[in-house]
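Data block below; observations after.
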Amino acid sequence: EGRKPGGRAPQPPEERPAPKEQYNFTDPESRIMKTRSGFEQCYNGQLAVDAEGSLLIVGEHLSAAPNDKEQLLPGVASIDPAHRQATAVLVDSGFMSAPAIAQVEAPAAGQPRKTVYGALQRESHHRTLAQLEAQEKEPEPLPAGASAPEKMAHRLATPAGRKLYALRKQTVEPVFGIIKETMGFRRFSLRGKANAAREWTLVCLAYNMKRLHRLAQHAASERQIAASWA
């Protein structure tokens, strides 16, 4: 508009780093991330877990990003379609990205259509009686021209959508808990993202072998029970 901009004139960047800037000489590809115990140098392990009962890891990858905003596409891509054809993708609010959801749900030749179910925000575990009663009812139809967030909120507001999305917490969260607590994996031994990614793959393979052993034991126990009744 012909007026001079206010404020100080921009200064060229300094060649030397600021006093508080940090660089990790041991593993420069890792990133500082916020954890329960504070800020630590980390990688971000990602999992795709079967929600149909087996709790087997069907896809995994490693990220150096401190959040999950860009991890939906690589997470879905890590699932080998030769072994598992995913039709419903259940993610928490940290993965929500409208462009990524659109790409995941776009039709792909030779693959079934995928539908993403993701919370738009963290929800309280405590609900009133009125809220619980409302969950049993179908929501009002979507208005014409509804936005992507409105469509996702409507999808999760349906009884079928809520029932399906509830599987997320009882599917992937226990797997992370078993890897950390039962298997004791809380720190990478190798340095560099490529090496750490291979280590994460080995951890996931070890978990799957452990899980397959438990599933075989359970199947054998059921056969014994059936034989005893026979």
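Quick look at the values:
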| quantity | calculated |
| --- | --- |
| Subset tally (residues that are part of a strand (DSSP E or B) and farther than 25 Å from Arg211 by Cα) for segment 42-71 | 1 |
| Subset of segment 186-212 (residues that are open to solvent by 40 Å² or more (accessible area, probe 1.4 Å), touching a residue at least 12 places away in the same chain (Cβ under 8 Å) and more than 18 Å from Arg31 (Cα to Cα)) | Thr201, Ala206, Lys210, Arg211, Leu212 |
| Unique residue being of a type in the set (D, E, K, R) and outside any helix (DSSP H, G or I) when the list is Arg168, Arg211 | Arg168 |
| Positions within segment 49-85 being free of Cβ contacts under 8 Å to residues at least 60 places away in the same chain, open to solvent by less than 30 Å² (accessible area, probe 1.4 Å) and in contact with a helix residue (DSSP H, G or I) (Cβ under 7 Å, 6 or more places away or on another chain), in sequence order | Gly59, Gln71, Leu72, Val76 |
| All positions within segment 86-111 that are in contact (Cβ under 8 Å) with a residue 40 or more places away in the chain, surrounded by 13 or more Cβ atoms within 10 Å (Cβ to Cβ) and not in a loop (DSSP other than H, G, I, E, B) | Ala88, Leu90, Val91, Ile101 |
| Residue list for segment 112-142, restricted to those being exposed (fewer than 13 other Cβ atoms within 10 Å of the Cβ) and modelled with pLDDT of 85 or more | Pro112, Arg113, Pro141 |
| Number of the exception - Phe39 against (1) touching a strand residue (DSSP E or B) at 6+ places or on another chain (Cβ under 9 Å); (2) surrounded by fewer than 12 Cβ atoms within 10 Å (Cβ to Cβ); (3) under 28 Å from Lys210 (Cβ atoms) | (3) |
| Lone qualifier among Ala153, Ala206 - being of a type in the set (Gly, Ala, Ser), under 25 Å from Glu52 (Cα atoms), modelled with pLDDT of 95 or more and not in a loop (DSSP other than H, G, I, E, B) | Ala206 |
| So Glu29, is it part of a strand (DSSP E or B), of a type in the set (D, E, K, R) and modelled with pLDDT of 90 or more | no |
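The values are calculated or read from the model by the stated rules, or taken from the named source; none is laboratory data. Because the structure is a prediction, the values reported are computed rather than measured. Here Cβ is always computed from backbone atoms with ideal geometry, including for glycine, and neighbour counts include all displayed protein chains. Accessible surface is based on the protein model in full, side chains and every heavy atom, while ligands, DNA and RNA are left aside. Shrake-Rupley method; radii C 1.70, N 1.55, O 1.52, S 1.80 Å.
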